[in-house]
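Inspection log for the structure reproduced underneath, given as structure tokens.
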2 protein chains.
Amino acid sequence: MMLPKSVRMVEVGPRDGLQNEAQPVPAAVKIALIDALADAGLAVVESGSFVSPKWVPQMADTAMVLAGIQRRPGVSYPVLVPNIKGLEEAFKSGVEEVAIFAAASESFAQRNTNCSIDESFARFAPVAERALAAGLRVRGYISCVVACPYEGPVAPADVAMVADRLAALGCYEVSLGDTIGVGTPAQVLAMLDAVAPLVPVDRLAVHFHDTYGQALANILASLERGVAVVDSSVAGLGGCPYAKGATGNVASEDVLYLLNGLGISTGVDIDRLAAAGDRISAHLGRPSGSRVARALASKRH
Amino acid sequence: MMLPKSVRMVEVGPRDGLQNEAQPVPAAVKIALIDALADAGLAVVESGSFVSPKWVPQMADTAMVLAGIQRRPGVSYPVLVPNIKGLEEAFKSGVEEVAIFAAASESFAQRNTNCSIDESFARFAPVAERALAAGLRVRGYISCVVACPYEGPVAPADVAMVADRLAALGCYEVSLGDTIGVGTPAQVLAMLDAVAPLVPVDRLAVHFHDTYGQALANILASLERGVAVVDSSVAGLGGCPYAKGATGNVASEDVLYLLNGLGISTGVDIDRLAAAGDRISAHLGRPSGSRVARALASKRH
């Protein structure tokens with residue numbers, strides 16, 4: 001196997017994860033989680049989003065969370081910003097990195113952000129421009145890179161076009177998300193092969209959900225294609241694996257176990273990571289969504 | 001990716017799965033399960049074992065189960081036999097295929113079969129010989145092909161030696177089992193690369209447990225190495241994914257979803273397979289261990 005020597009793990013649990021959990025989580029618990037994740041060695045911990053609390057009440061306390069965390073040198077704490085208003089709040093909170101998000105499917109863009117893909121870019125262009133002018137780094141997300149819940153399969157060329165537009169806005173990295181977790185390695189590789197000629201693979205990240213259990217197989221295939229940045233969510237936060245309709249993110253512990261086994265360095269400590277995941281799972285009152293975390297816990301007893 | 005065009009799925013749920021479930025399952029339920037799995041298109045359904053009921057009470061009704069199933073033409077219903085006594089019972093039940101099992105680790109052989117690896121081969125040699133003489137097919141299992149719960153990592157050369165000895169006894173196929181589910185693709189490929197020069201890859205099967213969530217990644221890597229036979233267990237039978245210390249088999253539904261997505265033909269119908277898994281899970285009173293089954297069920301509601 002041709003694999004990268006090191007991988008940057010982007011932890012999305014405190015944002016993409018908690019935003020999709022049914023119960024609200026107090027700011028103090030989020031702060032402890034984010035600090036524990038940085039302590040475990042994660043260099044990127046997505047920490048919140050400045051979106052309307054009407055739409056995403058779980059993230060209404062993002063400013064409080066950012067004020068409470070202990071910012072470690074060398075660790076990035078990006079937040080999602082949907083518009084200029086959100087960016088201004090991000091400025092006030094002193095963030096160094098923001099993320100913007102687009103969909104590869106028109107129906108998803110309409111239902112999720114209430115505008116077309118073109119309109120979303122018209123909205124994001126000034127956000128990216130102002131963020132970059134202020135010296136912030138901008139990351140881009142694309143949802144539905146394999147399939148859309150409303151349209152079905154999404155053409156790889158559509159994903160490539162959106163990725164190209166995000167890169168043109170100045171995103172240093174584009175994260176490719178299989179939002180509904182339906183892809184298998186064949187579809188993922190076809191998508192990557194369409195995107196990589198437009199946005200080089202060293203500016204791409206992959207973002208999988210484990211809805212159909214395919215996430216690690218997809219990550220392995222992506223690594224073999226040269227992708228070296230992987231999004232994941234501690235304890236699989238973002239959808240309880242036992243609940244109906246859950247579409248949890250792939251668990252960071254499971255990704256790290258894979259990378260460790262492949263001899264790929266990450267700088268992340270699996271015991272500390274699992275401990276952070278176990279604590280938030282205990283707070284949520286449910287078993288961890290990570291098989292690795294459950295296996296490690298069962299070995300300890 | 002270089003992948004096989006078709007894969008033979010070997011269903012081990014009714015034996016390897018149910019034998020490791022805490023609660024006993026009535027023969028009638030096993031019979032309905034086996035018939036449903038064959039109806040779903042599985043060409044190999046492991047159906048029981050003739051071992052001492054003192055050691056494995058869950059399999060004490062294997063003769064009754066074999067008498068009750070509707071044997072479909074073209075479907076094999078192998079049973080495990082540990083010795084000549086077991087083989088004679090298998091003869092009485094009119095089976096066409098038996099399986100013998102060895103460990104790649106001395107400690108595991110001692111603790112699991114109460115004899116050394118050499119002694120286990122001395123015991124199996126006449127079993128294989130008589131089975132072959134009677135026109136039966138003989139499959140060989142190896143446990144602990146990546147690591148042993150007592151010894152830790154197992155050398156690929158040790159696995160290769162045991163595989164070679166099983167092939168020499170006349171096993172048409174050797175199934176390589178990561179019994180404790182700790183391997184990742186790097187270890188699996190190192191092991192396959194040691195085995196394949198002695199037993200050609202077209203006589204090898206892989207058998208993964210999803211303890212650490214790595215099974216599908218390991219299967220993908222094995223497929224890329226040319227392995228075209230995969231063992232799995234419907235609904236992940238063989239260890240509840242929510243229980244302490246569980247080491248469930250990889251779920252057949254999850255394997256099939258991967259293979260379907262890769263365009264690899266199996267002859268198995270995923271809806272019928274998932275229905276069979278949902279029924280046995282309901283009988284056991286627990287959610288299915290298959291993420292695919294849970295995702296499909298949540299889509300139906």
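Placing a label point 7 Å from Cα along the Cα-to-Cβ axis, B:Ile84 is separated from the same position in the other copies by 9.0 nm, shortest listed first. Count Lys and Arg as plus one, Asp and Glu as minus one, and take only other residues whose Cβ is under 12 Å from that of B:Met1; the net charge is then -1. Over the stretch B:1-79, the alpha carbon radius of gyration divided by the compact-protein estimate 2.2 N^0.38 Å works out to 1.17. Looking at the stretch A:8-300, the DSSP beta bridges with both ends there are about 10 percent antiparallel. Neighbouring Cβ atoms from other chains, within 10 Å of the Cβ of residues in A:202-214, number 4 on average. Counting Cβ atoms of other protein chains within 10 Å of each residue's Cβ and taking the mean over peptide A:220-233 gives 2.
Counting Cβ atoms of other protein chains within 10 Å of each Cβ in A:258-268 and taking the mean gives 3.
When you count the other C-beta atoms within 10 angstrom of each residue and take the mean per peptide, A:149-158, A:96-105 line up highest first as A:96-105, A:149-158.
Neighbours of A:Ala194, meaning other residues whose beta-carbon lies under 11 angstrom from its beta-carbon, give a summed charge of -3 when Lys and Arg score +1 and Asp and Glu score -1.
Summing charges over neighbours of A:Val174, with a neighbour being any other residue whose Cβ is under 10 Å away from its Cβ, gives +1 when K and R count +1 and D and E count -1. Only aspartates and glutamates eight or more places from B:Lys85 in sequence, or on another chain, were considered; none has a Cα closer than 12 Å.
Listed by chain and number, the lysines whose C-alpha is less than 23 Å from the C-alpha of A:Lys92, apart from same-chain residues fewer than 8 away, are A:Lys30, A:Lys54. Label zone (B:Lys5, point 7 Å along Cα-to-C-beta; backbone nitrogen cut-off 15 Å) within the stretch B:33-77: none. The tail of the calculated P(r) for the stretch B:1-138, taken as Cα-Cα distances beyond 25 Å, holds 29 percent of the pairs. Rounded to 0.05, the FRET efficiency of the A:Ser116 and B:Lys54 pair, given R0 = 60 Å and the Cβ-Cβ distance, is 0.30.
Sorting A:211-219, B:70-78, A:57-65 by average packing, meaning the other beta carbons within 10 Å per residue, from highest down gives A:211-219, A:57-65, B:70-78.
Between A:Ala168 and A:Ala155, the modelled label-to-label distance comes to 1.7 nm, taking each label 7 Å out from Cα in the direction of the beta carbon. Near A:Ser175, the amide H atoms lying under 5 Å from its own belong to A:Gly140, A:Tyr141, A:Ile142, A:Ala205; only residues 5 or more places off or on other chains count, and H is placed 1.01 Å from N.
For A:Ala43 and A:Ala67, a Förster radius of 30 Å and the Cβ-Cβ distance give a FRET efficiency of 0.90, rounded to the nearest 0.05. Springs join every pair of Cα atoms under 10 Å in this Gaussian network model of chain A, and among A:Gly238, A:Gly226, A:Gly13 the largest mean-square fluctuation is at A:Gly226. Among beta bridges from DSSP that stay inside the stretch B:160-291, the antiparallel ones total about 10%. The value of relative contact order for the stretch B:94-136, using C-alpha pairs under 8 Å at least six residues apart, is 43 percent.
Using a 7 Å projection from Cα along Cα-to-Cβ, the label point at B:Pro149 is separated from the same position in the remaining copies by 4.0 nm, smallest value first. Just so you know, the Cα atoms of the stretch A:8-300 work out to an Rg and Dmax of 17.4, 53 Å.
Position A:Arg123: other-copy label points at 6.8 nm, ordered by increasing distance, label point 7 Å along Cα→C-beta.
In the stretch A:92-194, Rg over Rh equals 0.99, where Rg is the alpha-carbon radius of gyration and Rh the Kirkwood radius from pairwise Cα distances.
Note on B:Ala125 and A:Asp271: their simple-model spin labels are 4.7 nm apart, each label 7 Å out from Cα toward Cβ. According to the Cα-based calculation, Rg over Rh for the protein assembly as shown is 1.01, with Rh computed by the Kirkwood formula. Here the spin labels are modelled as points 7 Å beyond Cα on the Cα-Cβ line, and at B:Lys299 and A:Gln23 they lie 3.1 nm apart.
Just so you know, all these numbers are worked out from the coordinates, no wet-lab data involved. Quick caveat: nothing in here was measured; it's all calculated off a predicted structure. Heads up, the Cβs are rebuilt from the backbone with ideal geometry, glycines too, and the neighbour counts pull from every protein chain shown.
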